[in-house]
Amino acid sequence: MKDRNGKNLEFQEIIKKMLKRADTITLEFWLMILRLVGYIPLHSVRKLFYLASGLKMSFFGSTIHIGANFFNPENITIGCDTIIGDHCFLDGRAPLTIGNHVGIASQVLIYNDEHNLNSSDYSNSFGPVTIEDYVFIGPRAIILPGIKIGRGAVVAAGAVVTKDIEIKVLDYHLGRPMLFQ
């Protein structure tokens, strides 16, 4: 048997590739289930599935609104009193850490992986994303891999964050999440 580049594979390599493919298909199936669960109109039910998937967050302290989408939720940590808006995308292919009292508006995309455009094989380039306490991220912002957003920072709606954002001094608590979102 040969791989896609025409290289002959040994039996052990074939088994290893088959097991990796089975793991990938299982993960993709579970992510599809989580995508469907994301539309259940009860925070607590969605949260149970997210926690069962390995996402780390307080059951009572934070909220993920309807329609959220994930990659590898086991690498995602969300602090207390944090609200994730509807239809956000949270990428856990590298560590994603979201602090306490963070407000992430609707349709925000947070990526931990991107293709290396300078690579001849278009390989992936992973980088952790850290969002510290008291940050607000406006609607439809995009956070790219390897970014650190400092305490109290504000990211404007529609912004594409390509560099770290400095720390500000703030101390507040967010309002309550909407019940049917």
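The values are calculated or read from the model by the stated rules, or taken from the named source; none is laboratory data. On a predicted model such as this, the values are computed, not experimentally measured, just so you know. We place every Cβ from the backbone using ideal geometry, glycine too, and count neighbours over all the protein chains shown.
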- Note on the structure: The residue from ILE76, ILE167, ILE147 that alone is among the hydrophobic types (A, V, I, L, M, F, W, C) and modelled with pLDDT under 95 is ILE167
- Query: Being within 17 Å of VAL37 (Cα to Cα), assigned to a loop (DSSP other than H, G, I, E, B) and not small (Gly, Ala, Ser), is that true of even one residue in region 87-103?
  - Reply: yes
- Message: I'm trying to understand the selection: among the residues of region 139-170, which are more than 18 Å from HIS101 (Cβ to Cβ) and among the basic types (Lys, Arg)?
- Response: ARG140, LYS163
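Yes or no, residue by residue, for (1) closer than 15 Å to ILE147 by Cβ; (2) touching a Cys at 6+ places or on another chain (Cβ under 9 Å):
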{"site": "ASN69", "(1), (2)": "no, yes"}
{"site": "PRO73", "(1), (2)": "no, no"}
{"site": "ILE84", "(1), (2)": "no, no"}
{"site": "ALA94", "(1), (2)": "yes, no"}
{"site": "ASN100", "(1), (2)": "no, yes"}
{"site": "ASN118", "(1), (2)": "no, no"}
{"site": "TYR122", "(1), (2)": "no, no"}
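Any residue in region 5-17 that is touching a strand residue (DSSP E or B) at 6+ places or on another chain (Cβ under 8 Å) and assigned to a helix (DSSP H, G or I)?
Looking through region 5-17, none of the residues is touching a strand residue (DSSP E or B) at 6+ places or on another chain (Cβ under 8 Å) and assigned to a helix (DSSP H, G or I).
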- Message: I need a count of the residues in region 61-79 that are in contact (Cβ under 8 Å) with a residue 40 or more places away in the chain and not aromatic (Phe, Trp, Tyr).
- Response: 5
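Every residue, every condition in (1) within 15 Å of the chain's Cα centre (by Cα); (2) over 21 Å from ILE137 (Cα atoms), yes or no:
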| position | (1), (2) |
| --- | --- |
| VAL37 | no, yes |
| ILE40 | no, yes |
| ARG46 | no, yes |
| SER53 | yes, yes |
| MET57 | yes, no |
| GLU74 | yes, yes |
| THR77 | yes, no |
| ALA94 | yes, no |
| THR97 | yes, no |
- Query: Looking only at region 1-60, which residues are of a type in the set (D, E, K, R), surrounded by 13 or more Cβ atoms within 10 Å (Cβ to Cβ) and free of Cβ contacts under 8 Å to residues at least 24 places away in the same chain?
  - Reply: GLU13, LYS17, ARG46, LYS47, LYS56
- Item | Residue within region 99-114 that is on the phi > 0 side of the Ramachandran plot, out of contact with any Lys or Arg (no Cβ under 6 Å at 6 or more places or on another chain), of a type outside the set (Val, Ile, Thr) and modelled with pLDDT of 85 or more present | yes
- So which residues in region 114-130 are within 20 Å of ILE165 (Cβ to Cβ) and either touching a Ser or Thr at 6+ places or on another chain (Cβ under 7 Å) or not in a strand (DSSP E or B) (or both)? GLU114, GLY127, PRO128, THR130
- Item | Candidate set from region 105-122 (those that are buried (at least 19 other Cβ atoms within 10 Å of the Cβ) and within 23 Å of ILE33 (Cα to Cα)); member that is farthest from the chain's Cα centre (by Cα) | VAL108
- Task: Quickly run through region 93-133 and pick out the residues that are in contact with a strand residue (DSSP E or B) (Cβ under 9 Å, 6 or more places away or on another chain), under 18 Å from VAL155 (Cβ atoms) and of a type in the set (Ser, Thr, Tyr).
- Result: THR97, TYR111, THR130
